[in-house]
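*Asks:* Mind having a look at this structure? Questions to follow.
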Amino acid sequence: MTDLFRIIIVGHNLEAKCDVANALTKQRNAFKQLSCRRKFKVQRFNTQDTIAGRTYIAIVTPNLNTPAWTHSKEAINMNYTHKVFLYINDDSKIQVNHEESISKIKAEFRNTDVYEVKYSSCGEPYDGYKFRPTVDFGQQVTDIKAVLLDIGQAYAEKQNPQHRGSQVVTGRKKGEIKTVTAYPEASQPVTDVDIEVDDKPQEIPLPEKLTQLDWEKYSKTLKCGRAKSNLVRVNIVGNQSAGKTTLLKLLQKEKVQCPDETLLPTETLDIKDITTRCWESNGKKKWETNLSGYERELNVQRMADAMCNATSVVNDGSDEEAKDEVLENDEYQLGSTIEEDGFEMFCNSHPYTNISTQQSLDLYLKKVIGRVNIKAVENVYVSYWDFAGQSTFYAAHQAFLSHSAVYILVVDLSLDLQRPSSDSLKFRGKHVHECSVAESISFWMSSIKAYTTDSKGGTSPIMVVGTHKDKLEPPQNCTIDEMIRTKFHEIQDILKMTDVECIAIDNTKPDPDDLQAIRDRVLELGLGVIDEKIPAQWIELERKVLEQKMDKGKYIITFDELKDLDKGNDMPMKDDDRLEAFLGHQHCRGQLIHFPHEDLKNVIILYPDVLATFLNSLMRDKEIMNRMGKGSYNRDGVINQMYIDKALDELKISEFQKMRKFLTDMLIHLNIIHGFQSHSDKVQYILPCLLPCRSKGNEMETEETKIFRIVFPNNTMPSAFFYILLSGLLKRWKLLECKDGEPELYNFYACFYLEVTTVHMEVYWSQSYITVCIKNFSRKKTWTDIDLAKIVDTFTECITNIMQVYRHIGTHHVIKVQCPKHKESFVSLQQLRVDGEAMCFSKSHSVTLEEVLNLEQCEKDKYPIIKDNPTTLHLSRLAMDLKRDDATSLAIRMRLLTGNTEADDVAIRTKDPRFRRFLILIKWKWQHHEASISDLLELITYTRDYEKKTLIQCLTLGPSKCDYDISDEKLDKIPNGDQDIIAAMECIGDSYPFLAFELGLSFEKVEELRHNCKDLKEMTYEMLMAWRQGNPNDSFPRRLLDTAKFLGINTYPIQNALKNL
């Protein structure tokens, strides 16, 4: 592998990259677009062709601006020594700043050459490398040979400065370098691979009857099959009247009338089961729109895909992805699990004897078998969500934003970006101040980045669609195209994304090529998001949920009902961890709504749009709501229960009306409203997004002020986050206020009174961050009397709980504190707590922890261990101590990139909750090689339900020497036989891996034994023998007893064995 020379093909157009890669390999359709996803698609050359004596391979990467590309950059730098980049500059409808993209690649991969290839069908002369997609394939191969020759020459000169001449060679023998000046045509003829028919996906012929072999295939599929999700979710966002709904109709090939006076603005969001699907034929994407019922069709495709994968694993122990080169660092593969009796029984019995809907299952399996038999073409489905543009509804959007989506930001190009944005509906009345179009664009960008950024820095892909192109009136000496480019440059500056992809369309007479370009690019961006494979048991459970939704007309099911559906399967999961991971995946894909909060997790909403409709009614203008009937009211953001009930009645869904209390509690736990007891002892609620604006008045100032800022990465905090943070703080009101002090609450501003009315805490949003200003007007109290650390921790706890309940696990915040000497400078509070001091941005002095929080000792001085990297032993001890978490919740806490599938994976491997937690921590360590124990503990204690001090004690306190009624001679001498190990084998049980780690065995060794041993006792015996053989001078019975006792293992059988020696 180290001798390989890699030609890494990058760019924004997947079709163009695949065309170039096919020409490089001289195999038509060797690279297929729908196969190029989060993992790199690799094709080796089938010849002896080399560059500078190295075999070269082509690698097609995910599109730039996708999380898959972001995640792969570290691995490219670490694993690929001999490489060049081929940047494909495509001449398409989508406008991209190619110069900026190339500059970023050069900056991120220093000392690596980047070759730009112009991908264009026009005949205009071009001073550089050019690839023509419209010529025949043989000519395309010739087009690309020029860049290969130059790559070879340049690389050879780098390796050997004395060398001159081309280094693309053919027919190399060991030890021989053969230089040629032409592309090695003769060594590899142009070939066709998987030539396809250019038509729609074929109808699936159903088998007349199912055979025993079909049922056995299905059994194996449910046991070990996995499949890609193949659903791209697209969220269309932007200002009111920008043209989002019209764009959605155009993408679905619906007829539209512009302007359409009957088209009402979208409220909150519009989710439709109408979607589009795409398949690939002869290297081109083909589309079909206006599909209905796609969910079941997609479910059948997934199960068929899982069956193919399961069959290949059973037949040859491999799957198709094993042929591709794995980019990630080599990870030791977790071995097979020692399963309990009963799991294997299914394969030996006649299946499906207990299913009441046998006929439905027969038809389903026939469809699956039919797809498998004809090797049906793979479809990728695209589902569109249309978000509201009214600013009042922004407070509800975080419930529907997901990192597993592509975002289309729609902007009306005919508007001056600095003018006030249009918001004509009476949904917000006078409550929200006017903002400019540019400010609202910035809001959307900050919302997307804040709620969709993962722990590796990847952000959901974003594409800008400029509408109302027909309304543009360019000034003299300026063309329409020049004016559009100028507009897009302004938008890119606002977004702070100079290489974001943009396209302008005419709403009245849309160009079909423009719409096709949008569809294609959205799909390509989505392929960089949707690659994780889900287990067949999830697919089977999804089928059952769809039956509840579509056949039985249910809008809501409970978690207990989901467990019953799972039990009805002949290979049920019977595991809450796995069921919660399944729900997390379904939620992120937009197929249902499920929040992980303890008080909400029992209810599963099958139709996300129903929840959206409920929020629509709740957030309307008070004049509209008061027409619903007497008794309900909305007084400047203060509402009553009848107001909520009336909003619920508008749904006209009996299932929801029976769950009034739950839905009210849901609004509270989502921090959309906050309940409180009024002076008349009636329960009222604050709806922060409808609070009135605060009139300007005399500000009370004092020199005794501490100022903190709460920021998201890259200053991406959306203004609407203030609303849910305010509700969260009000829940903790008694921790912050005095008994007789009521807070002042306004739109984007709140003032709390701490301890006494002479200490104020102002909280307000401004310029993409939230400011917390604590003012001490007291003459009696000093800062040492005010628990600033507790106040800051309350904010952290509140923000973390919000992000977890909304499943925005990748979003993290930073609290900064103002420098006492330089008011414009803010330093990280976390750095102060760990190191004790941090440099002021003025670079003239440092700021100490004692200055800002009155704390004398930092964590690094208290606990020196936190500077170290966590070891397997550290993770093992933590896994045993984190008893509040299961695998799914810990995966969320640790912000794993694909937490739901990771949690399901470890749940399949072991039933021991402790070892599940350990495997999650190991996966985190693999993703964060340089992380310290401090970083690890910061994640674990983020929600303040674990004490950092307690966890550090857990890491540092190991086995201690104990007294036993056994002579020292027996305890401190290695026995001649293995009687003590045989006795230990009987009593250690599921604690064997933790005992192994305490005794010094590596994780790799434990996994090797797990994989090779047939049962638990054999594995325990081999593990202890490996310990004894590896430590001939230290593996005494005393250490075994002390370690086992430390882990809570019953040691009496071992002691008795030693006594009888």
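The values are calculated or read from the model by the stated rules, or taken from the named source; none is laboratory data. Quick caveat, the model's predicted, so the values are computed rather than measured. Please note: Cβ atoms are built from the backbone with ideal geometry, for glycine as well, and neighbour counts cover all protein chains shown. The protein model used for the area step is the full one, side chains on, heavy atoms only, and it has no ligands, DNA or RNA in it. Shrake-Rupley method; radii C 1.70, N 1.55, O 1.52, S 1.80 Å.
*Asks:* Going through region 799-826 one residue at a time, which ones are farther than 22 Å from Asn900 by Cα, outside any loop (DSSP other than H, G, I, E, B) and touching a helix residue (DSSP H, G or I) at 6+ places or on another chain (Cβ under 6 Å)?
*Replies:* Passing the criteria: Ile815, Val817.
*Asks:* Please identify the pairs in which a residue from region 709-729 that is over 14 Å from Asn801 (Cα atoms) has its Cβ atom under 6 Å from the Cβ atom of a residue that is of a type outside the set (S, T, N, Q) and part of a loop (DSSP other than H, G, I, E, B), counting only partners at least 6 apart or on another chain.
*Replies:* Within 6 Å, the pairs are Ile710/His813; Phe712/His813; Phe722/Phe748.
*Asks:* Something else about it: Could you please let me know if Ile534 is part of a strand (DSSP E or B), open to solvent by less than 10 Å² (accessible area, probe 1.4 Å), more than 30 Å from Gln33 (Cβ to Cβ) and aliphatic (A, V, I, L, M)?
*Replies:* Answer is no for this residue.
*Asks:* Return the only residue of Ser967, Ser960 being more than 18 Å from Ala1044 (Cα to Cα) and small (Gly, Ala, Ser).
*Replies:* Within the list Ser967, Ser960, the selection yields Ser967.
*Asks:* Follow-up question, since we're still on this one. Which residues, taken from region 967-999, are open to solvent by 30 Å² or more (accessible area, probe 1.4 Å) and touching a Lys or Arg at 6+ places or on another chain (Cβ under 6 Å)?
*Replies:* Asp972, Met985, listed by residue number.
*Asks:* Then there's this: Please work out which residue is modelled with the highest pLDDT, limiting yourself to region 411-449 and to residues that are under 30 Å from Pro475 (Cα atoms) and within 27 Å of the chain's Cα centre (by Cα).
*Replies:* If we take residues in region 411-449 being under 30 Å from Pro475 (Cα atoms) and within 27 Å of the chain's Cα centre (by Cα), then Val411 is modelled with the highest pLDDT.
*Asks:* Of everything in region 749-798 that's more than 19 Å from Val852 (Cα to Cα) and assigned to a helix (DSSP H, G or I), which residue is least open to solvent (accessible area, probe 1.4 Å)?
*Replies:* Cys798
*Asks:* How about region 825-843: which of its residues are open to solvent by 60 Å² or more (accessible area, probe 1.4 Å) and free of Cβ contacts under 8 Å to residues at least 12 places away in the same chain?
*Replies:* Gln831, Lys843
For every residue, the table says whether it meets (1) touching a Ser or Thr at 6+ places or on another chain (Cβ under 8 Å); (2) at pLDDT below 85; (3) not aliphatic (A, V, I, L, M).
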site	(1), (2), (3)
Ser828	no, no, yes
Glu837	yes, no, yes
Thr848	no, no, yes
Glu859	yes, yes, yes
Leu882	no, no, no
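*Asks:* What are the pairs, 6+ residues apart or on separate chains, where a residue within region 1000-1014 that is within 14 Å of Leu875 (Cα to Cα) and open to solvent by less than 80 Å² (accessible area, probe 1.4 Å) has its Cβ under 6 Å from a residue that is in a helix (DSSP H, G or I) and of a type in the set (Ser, Thr, Tyr)?
*Replies:* Close Cβ pairs satisfying both conditions: Phe1003/Thr872.
*Asks:* Pull up region 568-608, narrow it to residues that are under 21 Å from the mean Cα position of the chain (by Cα), assigned to a loop (DSSP other than H, G, I, E, B) and basic (Lys, Arg), then point me to the one that is modelled with the highest pLDDT.
*Replies:* The selected residue is Lys601.
Per-residue answers, yes or no, for (1) part of a helix (DSSP H, G or I); (2) touching a residue at least 24 places away in the same chain (Cβ under 8 Å); (3) open to solvent by less than 40 Å² (accessible area, probe 1.4 Å):
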| residue | (1), (2), (3) |
| --- | --- |
| Ile865 | yes, yes, yes |
| Asn869 | no, yes, no |
| Leu875 | yes, yes, yes |
| Ala903 | yes, yes, yes |
| Lys911 | no, yes, no |
| Trp926 | yes, yes, no |
| Ala931 | no, yes, yes |
| Leu936 | yes, yes, yes |
| Tyr942 | no, yes, yes |
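*Asks:* With respect to Gly1030, determine if the residue is out of contact with any helix residue (DSSP H, G or I) (no Cβ under 8 Å at 6 or more places or on another chain) and surrounded by fewer than 17 Cβ atoms within 10 Å (Cβ to Cβ).
*Replies:* So Gly1030 fits the description; yes.
*Asks:* Let me ask something else. Cβ contacts < 8 Å: first residue under 19 Å from Val147 (Cα atoms) and open to solvent by 40 Å² or more (accessible area, probe 1.4 Å), restricted to region 103-123; second residue of a type in the set (Val, Ile, Thr) and part of a loop (DSSP other than H, G, I, E, B), any location; separation 6+ or different chain. Result?
*Replies:* Qualifying pairs under 8 Å: Lys106/Thr112; Ser121/Thr134.
*Asks:* Considering only region 1033-1048, state which residues are open to solvent by 10 Å² or more (accessible area, probe 1.4 Å) and either modelled with pLDDT under 90 or more than 42 Å from the chain's Cα centre (by Cα) (or both).
*Replies:* Hits for region 1033-1048 are Asn1033, Asp1034, Phe1036, Arg1038, Arg1039, Asp1042.
*Asks:* Also: Please determine, by comparing only the residues of region 209-239 that are of a type outside the set (A, V, I, L, M) and under 30 Å from Ser436 (Cβ atoms), which one is surrounded by the most Cβ atoms within 10 Å (Cβ to Cβ).
*Replies:* Applying the filter and picking the extreme gives Gly238.
*Asks:* Let me ask something else. When both residues are 6+ apart or on different chains and their Cβ atoms are under 7 Å apart, which pairs have a first residue that lies in region 1-21 and is over 24 Å from Pro133 (Cβ atoms) and modelled with pLDDT under 90, and a second that is open to solvent by 10 Å² or more (accessible area, probe 1.4 Å) and assigned to a strand (DSSP E or B)?
*Replies:* Asp3/Arg54; Asp3/Thr55; Leu4/Arg54; Leu4/Thr55; Phe5/Arg54; Phe5/Thr55
*Asks:* May I ask you to list the residues in region 944-965 that are of a type in the set (Asp, Glu) and without any contact (Cβ under 8 Å) to a residue 12 or more places away in the chain?
*Replies:* Hits for region 944-965 are Glu947, Asp963.
*Asks:* While we're on this one: At pLDDT below 90, surrounded by 17 or more Cβ atoms within 10 Å (Cβ to Cβ) and in a loop (DSSP other than H, G, I, E, B), is that true of Met700?
*Replies:* no
*Asks:* Give the residues of region 799-814 that are open to solvent by 20 Å² or more (accessible area, probe 1.4 Å) and of a type in the set (Val, Ile, Thr), sorted by residue number.
*Replies:* If the condition is that a residue be open to solvent by 20 Å² or more (accessible area, probe 1.4 Å) and of a type in the set (Val, Ile, Thr), then Ile809, Val814 are the ones that fit.
*Asks:* Taking the condition crowded, with 18+ Cβ neighbours inside 10 Å and among the basic types (Lys, Arg), does Arg543 pass?
*Replies:* Judged against the criteria, Arg543 is a match.
*Asks:* Quick one: would you say Leu878 is within 25 Å of Phe795 (Cα to Cα) and in contact with a helix residue (DSSP H, G or I) (Cβ under 8 Å, 6 or more places away or on another chain)?
*Replies:* No: the conditions fail for Leu878.
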